[in-house]
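Just below is one structure, and these are the notes that go with it.
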Amino acid sequence: MKKLIIEVRVNEYAMRDGNPHVPWTAEELGRDAAAIREAGASIIHFHARGADGSPAHATADYAAAISAIRRASDLIVHPTLGQITVAGQDERIRHIVELSRDPALKPEIAAIDTGSANIDRFDAATRTFQTSNKVYINSHETLMLFCKRFAEIGVRPVISAWNGPFLRSGRALMDMGLIPEPAYALLVHCEGGLLGGHPATSSGLASFLSHMPHDERIEWTVCAKFGNLFPVAMQAIAEGGHVAIGIGDYDYPELGRPTNADLVREIVRMARLVGREIATPAEAREILRL
Ligand code: ZN
């Protein structure tokens with residue numbers, strides 16, 4: 001079986017009330033990069049954040065973070081597009097385009113969510129929605145534009161899929177030649193009242209995999225927004241997928257507020273149980289043909 005690519009979703013927009021180890025500043029991201037690399041990670045996914053944890057969208061914020069990460073490690077750099085907190089097609093990828101002009105700052109990959117979803121969170125205890133009108137919109141027009149711009153600047157799009165239909169749109173973009181192969185697809189399982197994607201259960205993963213081509217065109221990885229990824233990660237490791245874990249997605253009270261590096265060490269341990277070796281960043285670049 002191919003070596004396991006461990007990506008770490010270090011911070012997302014998580015605050016520190018659940019887990020105090022969430023890195024925000026460039027300096028903190030650099031320290032986390034060194035620690036997760038040492039533990040066995042090959043890709044770092046991050047959101048630029050202010051010193052108070054607020055979302056930061058300026059290219060300079062991303063540049064500082066990437067410089068710090070690259071000073072500390074040889075990890076594959078995977079910045080966010082910023083989710084829904086910035087508006088407009090061009091605005092959403094402006095930092096990626098601007099960063100790409102400097103080889104020292106150019107990200108190797110960047111995720112596009114290949115579909116739209118309702119993103120209100122449902123509180124099962126009170127049976128109410130915390131919000132009721134939030135929609136994350138990614139039209140095919142926008143996705144095609146992102147892919148074309150990424151091809152021009154040499155950044156590989158990652159297919160971020162919340163459910164089967166997102167994967168079908170991703171396949172269409174691959175068929176159009178807009179996403180190079182093998183594609184790297186992130187299967188985003190949704191927990192914590194987020195209803196727009198499959199749950200982080202074995203049947204949730206099976207739903208994704210039923211939409212996956214049975215060929216070598218896609219390298220897939222799994223994450224769980226607002227939920228414990230370990231049950232799905234075990235299955236992904238056994239079935240030839242990869243793993244994208246992090247305290248950005250979930251604070252893991254089960255493990256007593258671990259660091260990102262702690263989570264990577266747990267995944268490495270699980271991989272050993274089934275005889276799967278861990279990819280270095282150089283090996284991950286080879287597997288993904290970056
Ligand atoms: Zn993210």
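Here are a few things to note about the model shown:
- At the residue level, residue 174 shows approximately 10 square angstrom of accessible surface with a 1.4 angstrom probe and all protein chains present.
- Shape parameters for the chain, alpha-carbon atoms, Rg then Dmax in Å: 17.4, 50
- Computed over the stretch 1-140, relative contact order equals 19 percent, with contacts defined as Cα pairs under 8 Å that lie 6+ residues apart.
- Only helices enter this figure: runs of n ≥ 4 DSSP H residues, each worth -39500 (n - 2.57), summed and divided by the residues of the chain, yield -11000 deg cm²/dmol at 222 nm to the nearest 500.
- Qualifying lysines (Cα of each under 19 Å from Cα of residue 106; at least 8 residues distant if same chain): 148
- Each residue, residue 106 and residue 274, gets one label point 7 Å from its Cα in the Cβ direction; the gap between the two is 3.5 nm.
- Förster radius 41 Å - calculated FRET efficiency between residue 70 and residue 1, Cβ distance, rounded to 0.05: 0.85
- Sorting 156, 269, 285, 127 by solvent-accessible area of protein heavy atoms yields 127, 269, 285, 156, largest first, with a 1.4 Å probe.
- 274, 22, ranked by accessible area, largest first (probe 1.4 Å): 274, 22
- Sorting the segments 221-231, 239-249, 66-76, 253-263 by their mean number of nearby beta carbons within 10 angstrom, highest to lowest, gives 239-249, 221-231, 66-76, 253-263.
The values are calculated or read from the model by the stated rules, or taken from the named source; none is laboratory data. This is a predicted model, so every value here is computed, not measured. Using ideal geometry, Cβ is built from the backbone for each residue, glycine included, and neighbour counts are taken over all protein chains shown. Protein only, heavy atoms only, side chains kept; ligands, DNA and RNA dropped before computing areas. Shrake-Rupley method; radii C 1.70, N 1.55, O 1.52, S 1.80 Å.
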